[in-house]
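*Asks:* The structure that follows is given in the form of structure tokens.
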């Protein structure tokens, strides 16, 4: 039994490693490994930098807030990420048939899957929490016991969020069933769950008082009340309290053990059912619709986007947050007004103009992060032969991918703008100008993303999540989008003190139109050449 | 209909296909055989405009695939060796996608799909998601998508892999019918019996070079195609 488990575990690790390396030659593999190390280094640096910034912002005696905040952040990260990762890792994984054909027990298969899933969760949780814990330890000159507690407790910390999110992911899969709209239903439910958790955490947050003003003891008691395993763990680290550690470990291990026992009964059945697709009874062919090439490609592209929850959540999360934020602002107008009034660079303007500038800046920021086109070409994967063998011009293919990205940005951004316009009485010129800027922004993001994808394609993969989360194009587009968003924010805020908002936003819009023209020219020349070489 | 002149393909420094010259006339079935890795799929993917090549020309219906790829692809249908198609679509959605790309009249397309889907026995599954299809069903769907827009040139790469005997028989029948209507067919396979019975002309490729080409009857005058093929391999 142990030998077989060892074999399955080694197999899973090898698959995980190979997925990162892909099918590359030695030189390319080395380059790629270097790139992965670079990204990991950058992420650790960001984590350290963020923790250090937090630590320096706390008044003396409040350092323990870092442990409280970052343990909560780590657990939240595991929860959110593993809802997505459970699909493809615990459910509907590609090697199901292969593993089932092996002479190993079902429990061994399940344990090997859970362990490999757990390793991913440790990665996410560790990247957030461990640098903070080390910084805290150094700052308070902690002894060996503290580090021992950090290490032991950390092994158990992601167990409950991982189990909980797996159960939720499983529930969503079962509820979505094998209907024709399985993907859509599954996505809507996952999205609804995300909103509930998001709204819940906002309601439970201490934001109105500001982080600095939270007393660590109060935070700890709140944390222990709502998430005892995190609270006890944080208490154990802060107070070097072995009893609290034991409480956290026992609770996590107990809950996880229960999860494994329950999951063991359904694991194979659920995965077996997931191998089946949607079937129709008594099918009758109805009238077919005639559509142009662009419309056909656009529909195909949109279906691809909407049918993949991970694609939506990774590449359009900004738009979801933006729309949710707009509704929140509409309901909490005064809070937004207070926030705007506190921003020094916007104080030179009258209230409506300040808010208009801020809303446009937010729309630009979230829009620039929402780059669906950046992985759209890679996601063609093994289906790429279809686009290449059918009479479709590369430009038509580009236009469909860019248009989907534009729609993904334009619709939520327009809703945000119109809701803000209603709440804060924007003038008609402001509305018309911002609507146009959003259109230019949508096409800019789409074309930029597509260009990035053409430069960094990855057609060889076995799971789409690898392209969406781990490809160079996805990383460059998301990070580049954040940097561009910050640049736009800075430009608008600095400009707002000197230039009239309508003129300023108009200038930014014009800039996007010019960039659109340049990018389209680039796509239809260099882009086509790159496409033909793929 | 298909004219290949001095075709060369390099993969980095490897000279994979070396100076191929071939012609497929209107209404002709051309069989392309060779061992694994000989260069069959490389040439086929270049004919279909999927793979670029460094030297030579490929002309389809008088048009150059590199100069006018869209013009060539409008009269061409390709059936790959591995039917990787959009799994998030249903069978009928995929066929409708292909019909729209070729601007086929919806009513004519519907009738065509109905007839072919019933013949290939996947009519009842057209509304199912492609994800639920078996390899053979996917292959049948790809065959349907290639036939519904009435191509002038049909290019097939190992088309019989994964097909049940009835579907394989039906495909052979369809290939014959299409040729009678003026369609040209270029296909690769390892099933030598099929080549022997179906093809008007045959070419054998080995290590990127055509080692023998001619009419089927010239190949099989004194021995079976299998013996000729194995004999040539042995000589090499």
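*Asks:* Test residue B:204 against the criterion of being crowded, with 21+ Cβ neighbours inside 10 Å, under 18 Å from residue B:47 (Cα atoms) and in contact with a helix residue (DSSP H, G or I) (Cβ under 7 Å, 6 or more places away or on another chain), and give yes or no.
*Replies:* yes
*Asks:* Within segment A:125-138, is there a residue that is part of a helix (DSSP H, G or I) and over 28 Å from the mean Cα position of the chain (by Cα)?
*Replies:* Yes, some residue in segment A:125-138 is part of a helix (DSSP H, G or I) and over 28 Å from the mean Cα position of the chain (by Cα).
*Asks:* What do you reckon, is residue A:342 more than 14 Å from chain B (Cβ to nearest Cβ), touching a helix residue (DSSP H, G or I) at 6+ places or on another chain (Cβ under 6 Å) and within 17 Å of residue A:490 (Cα to Cα)?
*Replies:* No, not satisfied.
*Asks:* Now for a separate question. Picking from B:44, B:4, which residue would you name as being in contact (Cβ under 8 Å) with a residue 40 or more places away in the chain, in a strand (DSSP E or B) and surrounded by 14 or more Cβ atoms within 10 Å (Cβ to Cβ)?
*Replies:* B:4
*Asks:* Examine segment A:213-225 for a residue that is part of a helix (DSSP H, G or I), under 27 Å from the mean Cα position of the chain (by Cα) and closer than 19 Å to residue A:147 by Cβ, and state whether such a residue exists.
*Replies:* No.
*Asks:* Scan segment B:24-37 for residues that are crowded, with 22+ Cβ neighbours inside 10 Å and either within 17 Å of residue B:10 (Cβ to Cβ) or in contact with a helix residue (DSSP H, G or I) (Cβ under 7 Å, 6 or more places away or on another chain) (or both) and jot them down.
*Replies:* First pass over segment B:24-37, keeping only residues crowded, with 22+ Cβ neighbours inside 10 Å: B:24, B:29-34.
Answer for segment B:24-37, where residues must be crowded, with 22+ Cβ neighbours inside 10 Å and either within 17 Å of residue B:10 (Cβ to Cβ) or in contact with a helix residue (DSSP H, G or I) (Cβ under 7 Å, 6 or more places away or on another chain) (or both): B:29, B:31, B:32, B:33, B:34.
*Asks:* Considering every residue within segment B:219-236, establish whether at least one is surrounded by fewer than 21 Cβ atoms within 10 Å (Cβ to Cβ), part of a loop (DSSP other than H, G, I, E, B) and modelled with pLDDT of 85 or more.
*Replies:* no
*Asks:* Then there is this: Which ones in segment A:453-472 are part of a helix (DSSP H, G or I) and modelled with pLDDT under 90?
*Replies:* Listed by number, the residues that qualify are A:464, A:465, A:466, A:467, A:468, A:469, A:470, A:472.
*Asks:* Which of the helices (runs of 4 or more DSSP H) found entirely inside segment A:356-444 contain at least 2 residues meeting this: at pLDDT below 95 and within 14 Å of chain B (Cβ to nearest Cβ)?
*Replies:* A:384-389, A:394-424
*Asks:* Check off (1) within 12 Å of another protein chain (Cβ to nearest Cβ); (2) assigned to a loop (DSSP other than H, G, I, E, B); (3) crowded, with 22+ Cβ neighbours inside 10 Å for residue B:81 and give me the number that stays unchecked.
*Replies:* All conditions pass for residue B:81, except number (3).
*Asks:* Go through segment B:104-118 and give me each residue that's surrounded by fewer than 17 Cβ atoms within 10 Å (Cβ to Cβ), closer than 23 Å to residue A:282 by Cβ and either out of contact with any helix residue (DSSP H, G or I) (no Cβ under 8 Å at 6 or more places or on another chain) or away from every other protein chain (no Cβ under 12 Å) (or both).
*Replies:* Correct list: B:107, B:111, B:115, B:118.
*Asks:* Can you confirm whether segment B:167-182 contains a residue that is within 26 Å of residue B:72 (Cβ to Cβ) and within 14 Å of chain A (Cβ to nearest Cβ)?
*Replies:* no
*Asks:* Looking at segment B:31-41, can you tell me whether even one residue there is assigned to a helix (DSSP H, G or I) and more than 9 Å from chain A (Cβ to nearest Cβ)?
*Replies:* Yes, the conditions are met somewhere in segment B:31-41.
*Asks:* Follow-up. Counting only residues that are facing chain A (nearest Cβ under 7 Å) and closer than 20 Å to residue B:163 by Cβ, which one in segment B:84-97 is surrounded by the most Cβ atoms within 10 Å (Cβ to Cβ)?
*Replies:* Here the residue is B:85.
*Asks:* Please go through segment B:47-78 and give me each residue that is buried (at least 22 other Cβ atoms within 10 Å of the Cβ), in contact with a strand residue (DSSP E or B) (Cβ under 6 Å, 6 or more places away or on another chain) and in a helix (DSSP H, G or I), ordered by number.
*Replies:* Result: B:47, B:72.
*Asks:* Out of the residues in segment B:54-77 that are touching a residue at least 40 places away in the same chain (Cβ under 8 Å) and within 11 Å of chain A (Cβ to nearest Cβ), state the one that is farthest from residue A:385 (Cα to Cα).
*Replies:* Out of the qualifying residues, it is B:75.
*Asks:* Next question, about the same structure. Restricting attention to segment A:306-327, which residues are within 11 Å of chain B (Cβ to nearest Cβ) and surrounded by 20 or more Cβ atoms within 10 Å (Cβ to Cβ)? Give the derivation first.
*Replies:* Taking segment A:306-327 and keeping what is within 11 Å of chain B (Cβ to nearest Cβ), we get A:306-308, A:311.
The answer is A:307, A:308, A:311.
*Asks:* In segment A:119-128, which residues are farther than 16 Å from residue A:46 by Cβ and surrounded by fewer than 20 Cβ atoms within 10 Å (Cβ to Cβ)? So that I can check it myself, show each step before the final result.
*Replies:* First pass over segment A:119-128, keeping only residues farther than 16 Å from residue A:46 by Cβ: A:119-122.
Scanning segment A:119-128 gives A:119, A:120, A:122.
*Asks:* Ok, one more. Return yes or no: is residue A:486 in a loop (DSSP other than H, G, I, E, B) and either touching a strand residue (DSSP E or B) at 6+ places or on another chain (Cβ under 9 Å) or modelled with pLDDT under 90 (or both)?
*Replies:* When the stated conditions are applied, residue A:486 does not pass them.
*Asks:* Given the options B:163, B:192, B:156, name the one that is under 13 Å from residue B:81 (Cα atoms) and surrounded by fewer than 21 Cβ atoms within 10 Å (Cβ to Cβ).
*Replies:* Values: B:192 fails: under 13 Å from residue B:81 (Cα atoms); B:156 fails: surrounded by fewer than 21 Cβ atoms within 10 Å (Cβ to Cβ).
The conditions single out B:163.
*Asks:* While we're here: Any chance you could count how many residues in segment A:285-305 are assigned to a helix (DSSP H, G or I), free of Cβ contacts under 8 Å to residues at least 40 places away in the same chain and more than 7 Å from every other protein chain (Cβ to nearest Cβ)?
*Replies:* Qualifying residue count for the region: 2.
*Asks:* So, residue A:467, is that one within 30 Å of residue A:340 (Cα to Cα) and either free of Cβ contacts under 8 Å to residues at least 24 places away in the same chain or in contact with a helix residue (DSSP H, G or I) (Cβ under 9 Å, 6 or more places away or on another chain) (or both) or not?
*Replies:* Here the answer is no, as residue A:467 does not meet what is asked.
The values are calculated or read from the model by the stated rules, or taken from the named source; none is laboratory data. Keep in mind the model is a prediction, meaning the values are calculated, not measured. Here the Cβ is made from the backbone with ideal geometry for all residues, glycine too, and neighbour counts use every protein chain on show.
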